[in-house]
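Novice: First the structure, which I've put down as structure tokens, then a few questions once you've had a look.
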Number of protein chains: 2
Amino acid sequence: MAEAHSLEHLVQALRRLPGVGVKSAQRMAFHLLQHDREGALALARALDHAAATVQHCALCHTFTEDTICHTCLDPRRDRSQLCVVETPADQAAMERTGAYKGLFFVLMGKLSPLDNVGPKDIGLQKLFERIDAPAQTPTGMSEVREVILATNFTAEGETTAHVIAQALKGRGVVVTRLARGVPVGSELEYVDLGTIAHALVDRR
Amino acid sequence: MAEAHSLEHLVQALRRLPGVGVKSAQRMAFHLLQHDREGALALARALDHAAATVQHCALCHTFTEDTICHTCLDPRRDRSQLCVVETPADQAAMERTGAYKGLFFVLMGKLSPLDNVGPKDIGLQKLFERIDAPAQTPTGMSEVREVILATNFTAEGETTAHVIAQALKGRGVVVTRLARGVPVGSELEYVDLGTIAHALVDRR
């Protein structure tokens, strides 16, 4: 495919997407140019528009096109609870449960020293400032009384939760963590041993 | 992620890429906006540029930015041989072998009735015209004497090769097919039975 330089550039640009190698990038470029040029132009427009308009919510750090996102502005939310998640997708998962009515703080990542992701890269400072100075937030919201750590149950997620829990000690907030245990609908035989051990320790 | 409409549009646009579901699209959008906005803009430019400039070679139907691609214009190529492949990636694989010095015809697809891909969709007519009227091509190239069918050895690729072979009967060209057999470097124990059976029949 050395013929078309713009095709080669497109393949290189597609390779910057996570999880896309050279074969996938070639297949994508081929598909767009052969079958869906309209899709290619639509994607170009969406990229330009998102890159220009999407910013971080001043309160919860999630992606939004406004200064403060809809969730943070929603007056029906319980402002005493703050659920800390890694990504907007995790927030969406929490929302779909319908079991949580408090506010969120979206880290936009997790601590991962091996990938050079430190506390400054994931909005930890913004989280601590939020908890320390709640009265100064633009909406004058009441104080956060409980921080629910809902980072993933991976090595990095657990580390992130631990670091946040340590930092929040003595700041006058209750810090809780999502319960570990056997997933609903699963059979013990197929659940990993670490999960069963945790479920046994945390039995109620 | 209902907060940012332009983010939602970006996810939808990314889902038009082949092999990208909603989770992958969200991960891609998240990565671009959080870590690589420059990459997002570069991809947008590459998409625009490729969609505007990439066309089909008038002779071999592959992607090119010119009327006729470099391979077709190369005077060192053997113009009596025409290798028919499905995609530019297949052509690149043939080229990498260094074992072929003839010309190519790139179908840009394969016959696939289940996907509504018929003869008109993959440039078959252009191939037949090329073989029937070689003297009228812009470069006045000499006649094609051998057509080498190098479509993939899948059900659709075999069907495509069969249809081309049938259509070329009586047009005064030799039609050959890449040999089927045991891949170089492989152990018989791990080769599928159909391949071994073909290798046995075509033994030399």
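The values are calculated or read from the model by the stated rules, or taken from the named source; none is laboratory data. Quick caveat: nothing in here was measured; it's all calculated off a predicted structure. Methodologically, a virtual Cβ is constructed for each residue, glycine included, from the backbone with ideal geometry; neighbour enumeration extends over all protein chains shown. When the accessible area is computed, the model is the full protein with side chains, heavy atoms only, and any ligands, DNA or RNA have been set aside. Shrake-Rupley method; radii C 1.70, N 1.55, O 1.52, S 1.80 Å.
Novice: Put the label 7 Å from Cα along Cα→Cβ for B:V191; what are its distances to the other copies, in nanometres, shortest first?
Specialist: Taking the point 7 Å beyond Cα along Cα→Cβ, the inter-copy spacings are 5.0 nm.
Novice: Right, next: Return one whole number: the accessible area per residue of region B:20-139 in Å², for a 1.4 Å probe.
Specialist: Computed with neighbouring chains in place, this is 46 Å² per residue.
Novice: So, one more: For chain A, what's the relative contact order in percent, using C-alpha pairs closer than 8 Å and at least 6 residues apart?
Specialist: 13
Novice: Taking the Cα atoms of chain B, report the difference between the largest and smallest coordinate on each principal axis, in whole Å and largest first.
Specialist: So the three principal-axis extents are 64, 51, 33 Å.
Novice: Further, regarding this structure: Let's see if you can work this out: charge +1 on each Lys and Arg Cβ, -1 on each Asp and Glu Cβ, no other charges. What is the dipole magnitude of region A:44-197 about its Cα centre, in debye to the nearest 20?
Specialist: The calculated dipole for region A:44-197 is roughly 500 debye.
Novice: Using a label point 7 angstrom from Cα along Cα-to-C-beta, what distances in nm, from shortest up, separate B:G172 from the other copies?
Specialist: 9.6
Novice: With the dipole of chain A worked out from charges on the C-beta (+1 for Lys and Arg, -1 for Asp and Glu) around the Cα centre, which of A:H9, A:H35, A:H61 lies farthest toward the positive end?
Specialist: It is A:H61, whose Cα lies furthest towards the positive end.
Novice: Taking the Cα centre of region B:1-97 as origin and charging only Cβ (+1 Lys, Arg; -1 Asp, Glu), how large is the dipole, in debye to the nearest 20?
Specialist: Using only the charged Cβ atoms, the result is roughly 180 debye.
Novice: Provide an ascending nm list, one decimal, of label-point separations from B:R145 to the equivalent residue in each further copy; define each label point as 7 Å from Cα along Cα→Cβ.
Specialist: 9.2
Novice: Checking the cross-link filter: which aspartates and glutamates have an alpha carbon closer than 14 Å to that of B:K23, excluding same-chain neighbours under 8 positions apart?
Specialist: A:D90, B:E8
Novice: If one takes the accessible area of chain B alone plus chain A alone and subtracts that of the pair, with a 1.4 Å probe, what total in Å², rounded to the nearest 100, results?
Specialist: 4900
Novice: Add +1 for every Lys or Arg and -1 for every Asp or Glu among the other residues with Cβ under 13 Å from the Cβ of B:D48, and state the total.
Specialist: Overall, the nearby charge balance is +1.
Novice: Shifting gears a bit: With +1 on each Lys and Arg Cβ and -1 on each Asp and Glu Cβ, and nothing else charged, work out how big the dipole of the protein assembly as shown is about its Cα centre, in Debye to the nearest 20.
Specialist: That gives a dipole near 60 debye.
Novice: How big is the convex hull of the Cα atoms of the protein assembly as shown, per residue, in Å³?
Specialist: 203
Novice: Pull up the cross-link candidates among the lysines for A:K169, meaning alpha carbon to alpha carbon under 18 Å and not fewer than 8 places away within one chain.
Specialist: A:K126
Novice: While we're here: Give me the log10 of I(q) over I(0) for region A:1-87 at q = 0.12, 0.13, 0.20, 0.24 Å⁻¹, as the Debye formula computes it from C-alpha points; what are the numbers?
Specialist: -0.58, -0.64, -0.94, -1.16
Novice: If I take the rotation axis that carries chain A onto chain B, which residue of chain A has the nearest beta-carbon, and at how many angstrom?
Specialist: It is A:A44, 2, counting Cβ atoms only.
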